[in-house]
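Worksheet: the structure to be examined is printed underneath.
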Amino acid sequence: MPETAPAITEDHVIDSVADALQYISYYHPPDFIRGMARAWETEENPAARNAMAQILVNSRMAALGRRPLCQDTGVANVSARIGVRARLDWNRPLQDIVDDAVRRAWRNDANPLRASVVADPFGRRQNTGDNAPAMLHVEMVAGDKVEFHVSAKGGGSENKASFAVLNPSASVADWAVATVETMGAGWCPPGILGIGVGGSVDKAMTMAKQALNDPIDITELRARGPATAEEELRLDILDRVNALGIGAQGLGGVTTVLDVKVRSFPTHAASLPVALVPNCAATRHAHFSLDGSGPARLAPPVLSEWPELDFRDAWQGARRVDLDRLTRVEIASWRPGEALLLTGRMLTGRDAAHRRIETMLARGEPLPVEFRDRAIYYVGPVDAVGDEAVGPAGPTTATRMDRYSDMMLEKLGVAVMIGKAERGAETVAAIGRNKAAYLVAVGGAAYLVSQAIRESRVVAFGDLGMEAIHEFTVRDMPVTVAVDAAGNSIHESGPRRWRRPAP
C-alpha cells in the first residue's frame, strides 16, 4: 500500500463510534423490524400480539423522535477488525480512543443516554457517569481497512448469557433449548439467540456475542433449506424454542425467538464448549469500515420499513384504573392477562433504592416516602430533554427485586408492583398473601411508555441518579396483569397454554 494513502486517525474512530452509538440508540436495524413485523402478523395470542405492536410502535416513535428505544441504553460493545495493511495515525491504545467515543455519545445534549456502567464490580459499584469503559474486542485481519461492529447490550438480556462445556457427544440443540426454557422473560423476548460452538471458553462467548450482529435471515434460510451443520442447528433450535410457548414478554405465544445465529470454531478433542447470548427486543447494532477518507456516515433507515400500527386499538376494552383512588377490593377483581390503563401517581424504585430502604429499616430510621397502598414501578429512566417530563422509561427486570418482596409488601404495605418478566415462586405467594398485584409493562417500549408520564419529580435518594425514587404522574399507562391478588401468574399459565409438541 503506498505510504501516501490517507491514514485512519483517532478522530475518525471517535467520530464514527460516537455517531454509531447515538444512531443505534434510536434506530432498530431494518432486518429486525421486518422480523418483528412478520412475528406480529402471525402471532395468535392477543396479549403477545399487543406486546409486539407496542414494540413496533415504540421503534417508529424512537426513530422519528431520535430518542432511545429502551431506557437501558446498554453497555457499549465494540468489535474492531484491524487490517494488517491499514495506515493508523493513533498515539493511544484503541481502548482509550473508543472510551472517548462512548463518553461523547452518552453525554450528547440532544439525546443523553443512561449511564449504567459501575467502576467497581465488587464493592461500592460507583457509576462511572459516562458509561465508559466500552467492552472492546480487537482482531487483526487481512486488508487495509478497520472494520467496526458497534452494539449496545442491555442488562436484561446480558444477564441471561450462559456457558457450558458439554460432552463431545452431547446435543448442542438440547442444551440450548433447555437453557432458554429456564431463562424466563427477563431478556425481553421476542429476540435473537447468538450461539458459539467450539473454540475455548472465551472464544465461544465471543462468537456468541458477535453472532448477534449478523443479519436476520431465517425466513430465507428456511425457504432455500440448510446447507451446513450450523444452518441445520439454527432451524432446529428456533423451531424447538418457539414450540416452548414462552412468547413475547413471557406472556405465552407462538414466537419467542426471531432468529438463531450460530458460529463455530475448532476445539479440543475432549471438549465441546457452547455459549448462548440472547439479544432482546431492543436489539441495537451497526457496522462500518474506515479507510482513511474520514468518519463513517450511517444512513437513516427508510421510514417505510416500519409497519403503520396503532396499538391503541388493542386497548379499547382495557380497564381504566385511578391509582389515586385504588382499593384492595378493586385490585382483587383484576385477572392475569387483563389489560389496564393506569392514571394517577406512582412511585419508582429499583435495586439501589430497595437496598437503601432495607438498610434504613434495619437501623430503625424513618423512610422519606410512604409506600402503603401505593404502586411502585421498577424503572431507571433516561434523563429528560426539552419539554419531556421524563426520558424513555421502560420497566426493568422485576425478578431482581424478589428478595425485597416481603419487606415491600408486608412491612411497607405496597399494593401494586410494576416491572417486566416473571416473579419467583416466593414472591408470587407473597403477592397472594398480601392481596396485592404485579403488573407488567412491555420491555423494549420505553419511549412509548414515557409518553404516558406527564410529570416526574425526585422524592428520595436523589444521589442515586437514575435509581432515585421518583413520583410519576401518568395518564393511560398501558400494563398487563401478570400476578393477581390470588397469586395466579400469567407467566405460568400463558406459556403452558401456548406450548406445543416439539417438531
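The values are calculated or read from the model by the stated rules, or taken from the named source; none is laboratory data. No experiment lies behind these values; they were computed from the predicted model shown. When we count neighbours, we look across all protein chains shown, and the Cβ atoms used for this are built from the backbone with ideal geometry, even at glycine.
Is the stretch 441-453 home to any residue that is touching a His at 6+ places or on another chain (Cβ under 7 Å) and buried (at least 19 other Cβ atoms within 10 Å of the Cβ)?
no
Count, please, the residues in the stretch 404-435 that happen to be within 13 Å of Ser489 (Cβ to Cβ) and either part of a helix (DSSP H, G or I) or more than 27 Å from the chain's Cα centre (by Cα) (or both).
8
Which of the following residues is of a type outside the set (S, T, N, Q) and at pLDDT below 95: Ala110, Ala76, Ala47?
From the options Ala110, Ala76, Ala47, the qualifying one is Ala47.
Would you be able to tell me the number of residues in the stretch 372-400 that are touching a strand residue (DSSP E or B) at 6+ places or on another chain (Cβ under 7 Å) and within 30 Å of Lys160 (Cβ to Cβ)?
11
Can you give me the number of residues within the stretch 433-464 that are over 23 Å from Ser405 (Cα atoms) and either in contact (Cβ under 8 Å) with a residue 12 or more places away in the chain or of a type in the set (Phe, Trp, Tyr) (or both)?
14
Can you find a residue in the stretch 88-108 that is surrounded by 17 or more Cβ atoms within 10 Å (Cβ to Cβ) and either in the same structural domain as Asn213 (by TED's automatic domain parsing) or without any contact (Cβ under 8 Å) to a residue 60 or more places away in the chain (or both)?
Yes, the stretch 88-108 has at least one match.
Between a residue in the stretch 389-402 that is over 13 Å from Gly444 (Cβ atoms) and any residue that is of a type in the set (Lys, Arg) and surrounded by fewer than 24 Cβ atoms within 10 Å (Cβ to Cβ), which pairs come within a Cβ distance under 6 Å, given they are 6 or more apart or on different chains?
Ala389/Arg454
Somewhere in the stretch 155-178, is a residue of a type in the set (Ser, Thr, Tyr) and more than 30 Å from Leu244 (Cβ to Cβ)? Spell out how you get there, then give the answer.
Taking the stretch 155-178 and keeping what is of a type in the set (Ser, Thr, Tyr), we get 157, 162, 169, 171.
Of the ones still in play, those that are also more than 30 Å from Leu244 (Cβ to Cβ) are none.
Looking for residues that are of a type in the set (Ser, Thr, Tyr) and more than 30 Å from Leu244 (Cβ to Cβ), one finds none in the stretch 155-178, hence no.
Any idea which residue in the stretch 463-474 is farthest from Leu341 (Cα to Cα), counting only those that are at pLDDT 95 or above and of a type outside the set (Phe, Trp, Tyr)?
The qualifying residue farthest from Leu341 (Cα to Cα) is Ala468.
Please verify whether Tyr23 is surrounded by fewer than 23 Cβ atoms within 10 Å (Cβ to Cβ), of a type in the set (Ser, Thr, Tyr), in contact with a Leu (Cβ under 7 Å, 6 or more places away or on another chain) and outside the structural domain of Asp463 (by TED's automatic domain parsing), treating the condition exactly as stated.
Considered against the rule, which asks whether it is surrounded by fewer than 23 Cβ atoms within 10 Å (Cβ to Cβ), of a type in the set (Ser, Thr, Tyr), in contact with a Leu (Cβ under 7 Å, 6 or more places away or on another chain) and outside the structural domain of Asp463 (by TED's automatic domain parsing), Tyr23 comes out as yes.
State whether one or more residues within the stretch 194-211 are hydroxyl-bearing (Ser, Thr, Tyr) and either without any contact (Cβ under 8 Å) to a residue 12 or more places away in the chain or within 19 Å of Phe32 (Cβ to Cβ) (or both). It would help to see each step written out before you state the result.
Taking the stretch 194-211 as the starting set, the residues that turn out to be hydroxyl-bearing (Ser, Thr, Tyr) are 200, 206.
Narrowing the set further to residues that are either without any contact (Cβ under 8 Å) to a residue 12 or more places away in the chain or within 19 Å of Phe32 (Cβ to Cβ) (or both) leaves none.
Among the residues of the stretch 194-211, not one is hydroxyl-bearing (Ser, Thr, Tyr) and either without any contact (Cβ under 8 Å) to a residue 12 or more places away in the chain or within 19 Å of Phe32 (Cβ to Cβ) (or both), which makes the answer no.
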